[in-house]
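Please read the structure below before turning to the comments.
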Amino acid sequence: MAAKLSGGGGDRFNVEQNSDINVTPFVDVMLVLLIIFMVAAPMASVSVEVNLPSAVAKATPNPPKPVYISIKQSGQVYIGDNETSVDSMGQDMASAIGRRDPSKERIFIRADEKVRYGAFMEVMNTLQDNGFYSVALVGRDDS
């Protein structure tokens, strides 16, 4: 026995085509999203007005001016804008930071991309020998 899927005739094996779209799942999803947004929207905004008291804490001082060491391709070393040598870098760094603790001072090193690794390591070793242990390397931001 085979079922007739299309065509005329009214026998018991005739299956009529159903071209209606079942929208019940779509309506269910839309109602759930509507409920979520109705609950979440009031939480996203602060509607309670509060008269805040003024702060009584003292403002924190600005961090000290950062110290930059620049190493050029030729091997010249600069602290800020002043040229120095590896031999006198310890004294020059002490005068650059003033009375601050060298072990807590962050030093920023800028070096040309063609600097010899040995010259860079001389600067790093001199900094460590003089108590400067917090060193940050500065790179170019291409974004």
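The values are calculated or read from the model by the stated rules, or taken from the named source; none is laboratory data. Bear in mind the structure is a predicted one, so any value in this text is a computation, not a measurement. Virtual Cβ from ideal backbone geometry, glycine too; neighbours counted across all protein chains shown.
Just a few scattered comments:
- Some residue of region 25-43 being under 25 Å from the mean Cα position of the chain (by Cα), modelled with pLDDT of 80 or more, outside any loop (DSSP other than H, G, I, E, B) and not hydrophobic (A, V, I, L, M, F, W, C): no
- Test result for Val56, at pLDDT 85 or above and not hydroxyl-bearing (Ser, Thr, Tyr): no
- Residue that is surrounded by the fewest Cβ atoms within 10 Å (Cβ to Cβ), among those in region 122-143 that are farther than 18 Å from Ser88 by Cβ and out of contact with any strand residue (DSSP E or B) (no Cβ under 6 Å at 6 or more places or on another chain): Ser143
- Pick from region 65-77, criterion within 30 Å of the chain's Cα centre (by Cα) and within 21 Å of Gly131 (Cα to Cα), ranking: modelled with the lowest pLDDT: Lys65
- Options Arg140, Arg100: the member that is in contact with a Pro (Cβ under 8 Å, 6 or more places away or on another chain), among the charged types (D, E, K, R) and at pLDDT below 85: Arg100
- Contact map, region 61-87: first residue surrounded by 10 or more Cβ atoms within 10 Å (Cβ to Cβ), second residue assigned to a loop (DSSP other than H, G, I, E, B) and among the β-branched types (Val, Ile, Thr), Cβ cut-off under 8 Å, separation 6 or more or different chains; pairs are Tyr68/Val138; Ile71/Val115; Lys72/Val115; Gln73/Val115; Gly75/Val115; Val77/Val86.
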